[in-house]
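Here the structure comes first, spelled out in structure tokens, and everything after it is commentary.
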Amino acid sequence: MREQNPDPTYTAHCLALADRALAAARKLEAEYPESAVGRAYYAAFYAAEAALWTKGVYCRTHRGLAAALREHFVQTGLLTPNHLQNVQNLFQLRMAGDYPRFRREIAVQEAHEAAQMAEQFIAEVRTLMNKEEGK
């Protein structure tokens, strides 16, 4: 979905949410790994939302977010397919941690790696946004 006049403060808000979600994931990973992976996913989700907002794109669903990332960032070479795959892996971990239907044991190491993936994705989004601002 396209926004006509995207609010430039929204990207900063999304990145602040990403940072908070990542901090929560780090705090939860040792004792509550299933909750930590959910927070790690949302950290990446908020960063992706910020990146898409710079293109005037807002997504209503998680699947739509992945499709929009592919279209606006991976296919254009701004992000690698690996970045998108990491976001999708984080989504699968969140599903396993949050929903009984998909539930499985989430190891502490998986939660730690999820937080690392989210942190790397957020850093890459910030790098992209800084490059776009410098144009």
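Bear in mind that the values in this text are calculations on the coordinates, not laboratory data. This is a predicted model, so every value here is computed, not measured. Using ideal geometry, Cβ is built from the backbone for each residue, glycine included, and neighbour counts are taken over all protein chains shown.
So how do Lys55, Lys131 line up by other beta-carbon neighbours within 10 Å, fewest first?
Ascending Cβ contact count within 10 Å gives the list Lys131, Lys55.
Using only alpha-carbon positions, what ratio does the radius of gyration of region 49-107 give when scaled by 2.2 N^0.38 Å?
Rounded to two decimals, the normalised Rg is 1.27.
Quick one: which residues, 5+ away or cross-chain, put their amide H under 5 Å from the amide H of Val57? H built at 1.01 Å from N.
For Val57, the qualifying residues are Glu3.
Can you sort Phe91, Phe45, Phe102 so the residue with the fewest Cβ neighbours within 10 Å comes first?
Listing Phe91, Phe45, Phe102 from fewest to most nearby Cβ atoms yields Phe102, Phe91, Phe45.
Which one, (i) -0.59, -1.20; (ii) -0.66, -1.29; (iii) -0.89, -1.15, gives log10 I(q)/I(0) by the Debye sum over Cα atoms at q = 0.14, 0.21 Å⁻¹ as derived from the coordinates shown?
Answer by label: (i).
Taking neighbour Cβ counts within 10 Å as the exposure measure, how do Val125, Val108, Val57, Val87 sort from fewest upward?
Val108, Val57, Val87, Val125
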